[in-house]
Amino acid sequence: MIQQLQEDMRVIKTCREDFKVLFYTLIAAMMLHFVFIFLFYAVGLPTLSTINVVSVIFYIYCTKLFAQSLVKNDFSLLIWLITAEVIMHAYFACYYLGFASGFQYYILALTAFPLFTTTSYFTLGVVRLLLIIVACIALERWLAVTVPIVDLGINSLDALRYFNLSCFVLLSGGIAFSFVKATHLNQDNLIAMATYDKLTGLNNRYSLEAFTEANVAQSKLNGKPLSMLIADIDFFKEINDKYGHLCGDYVLSKVADVMRSALRSQDVIGRWGGEEFMVILPDTNAETLALLAERLRLTMMQTVFIYNDKKISISVTVGAAMMVDGDTVESLVLRTDQALYQGKDNGRNCYYFKPA
């Protein structure tokens, strides 16, 4: 049971941020019912106290159902169960204590729950919203002519209503704030996915193209030199064939680490594709370019990667070019790529500069 709980929590921690909001809402609801257990028991209302015990058990079950719903990517059953529990609980509490007790506020909190469904369940979300409206209107009209079973007195009833109103505002505000935060986090994640290579953490091809365009434009404006290099891991296919693709992925990630340490902070490093890595070097002349490329090549050659107790050594071929008058992004990349292939033709594990 403990292992299953740990597995559920692991799944929850890795889910989308907006779905986490739903989980934390369940926890908040469970804690609120837990408070009502002692509150109603203290004022001599054991029936309501018992009902809240049942509600606590219900929300414990809902946290378990949440993990299952997350795996299936279907929260419809969970949302319907919560909707039914809140409406029935509010009806019974208001019937028992009167409409002035304020338990109807919690029905209004359900308006946020359709947001937790996927687009394929949009119609069901609309149905739930209509159900909430009908439930609120019916509750008010029914209790307008119904005498409560228990008379708490005006002062106690006011205190209970203000407490429920405060909880409703805090709960709704918390959901709204969490949704805004989750939206921002999801946006950041989408930006990261569009910008960075998942395996190496370096810039991906899309962002490299954007950086290249920006640096080419900047170089034309300020007249400062701009250089580019592409490093290719020699005979990388043999690593995959001999040690497996997981080992190949490991080597790629470690090569990225070596490049970060061997190059300057101003240099823009990215994975161009496969085992090719591109570096954009602002304000870098031919002499500095050669020094940096050779340092990168020698560092790679001297580094030993350890994978499953196996020592793996690699080398890289580096092709480079400098921007000249009339260059475009395409022509600079093409010349750098040509330099790389010339380096391969020269025997690999070398640096080759392609002049204009």
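The values are calculated or read from the model by the stated rules, or taken from the named source; none is laboratory data. As the structure is a prediction and not an experimental result, all values here were calculated from the model. As a convention, Cβ positions derive from the backbone with ideal geometry for all residues, glycine included, and neighbour counts pool all protein chains shown.
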Selected residue [modelled with pLDDT under 95 and over 30 Å from residue 32 (Cβ atoms)] from 176, 231, 210: 210
Residue among 62, 94 that is farther than 30 Å from residue 148 by Cα, modelled with pLDDT of 85 or more and part of a helix (DSSP H, G or I): 62
For the stretch 169-177, does any single residue satisfy the condition of being within 23 Å of residue 254 (Cα to Cα) and touching a Phe, Trp or Tyr at 6+ places or on another chain (Cβ under 9 Å)? no
Report yes if residue 262 is at negative phi, loosely packed, with under 15 Cβ neighbours inside 10 Å and not hydroxyl-bearing (Ser, Thr, Tyr), otherwise no. no
Count of the stretch 291-314 residues which are surrounded by 17 or more Cβ atoms within 10 Å (Cβ to Cβ) and under 16 Å from residue 277 (Cα atoms): 6
Please pick out the residue among 241, 249 that is touching a residue at least 40 places away in the same chain (Cβ under 8 Å), more than 30 Å from residue 24 (Cβ to Cβ) and either surrounded by fewer than 17 Cβ atoms within 10 Å (Cβ to Cβ) or among the charged types (D, E, K, R) (or both). 249
Could you tell me whether residue 279 is closer than 15 Å to residue 332 by Cα, aliphatic (A, V, I, L, M) and touching a helix residue (DSSP H, G or I) at 6+ places or on another chain (Cβ under 8 Å)? yes
For the stretch 35-62, which residues satisfy the criterion of being touching a Phe, Trp or Tyr at 6+ places or on another chain (Cβ under 8 Å) and loosely packed, with under 14 Cβ neighbours inside 10 Å? 46, 47
Test set (1) surrounded by 15 or more Cβ atoms within 10 Å (Cβ to Cβ); (2) in contact with a Lys or Arg (Cβ under 8 Å, 6 or more places away or on another chain); (3) at pLDDT below 95 - residue 351 fails condition number: (3)
Would you be able to tell me the number of residues in the stretch 81-109 that are within 34 Å of the chain's Cα centre (by Cα) and hydrophobic (A, V, I, L, M, F, W, C)? 8
Could you check residue 151 against (1) surrounded by fewer than 16 Cβ atoms within 10 Å (Cβ to Cβ); (2) not aliphatic (A, V, I, L, M); (3) not in a loop (DSSP other than H, G, I, E, B) and say which number it fails? (3)
Residue match in the stretch 314-334 (condition: assigned by TED's automatic domain parsing to the domain that holds residue 251, within 16 Å of residue 281 (Cβ to Cβ), hydroxyl-bearing (Ser, Thr, Tyr) and within 37 Å of the chain's Cα centre (by Cα)): no
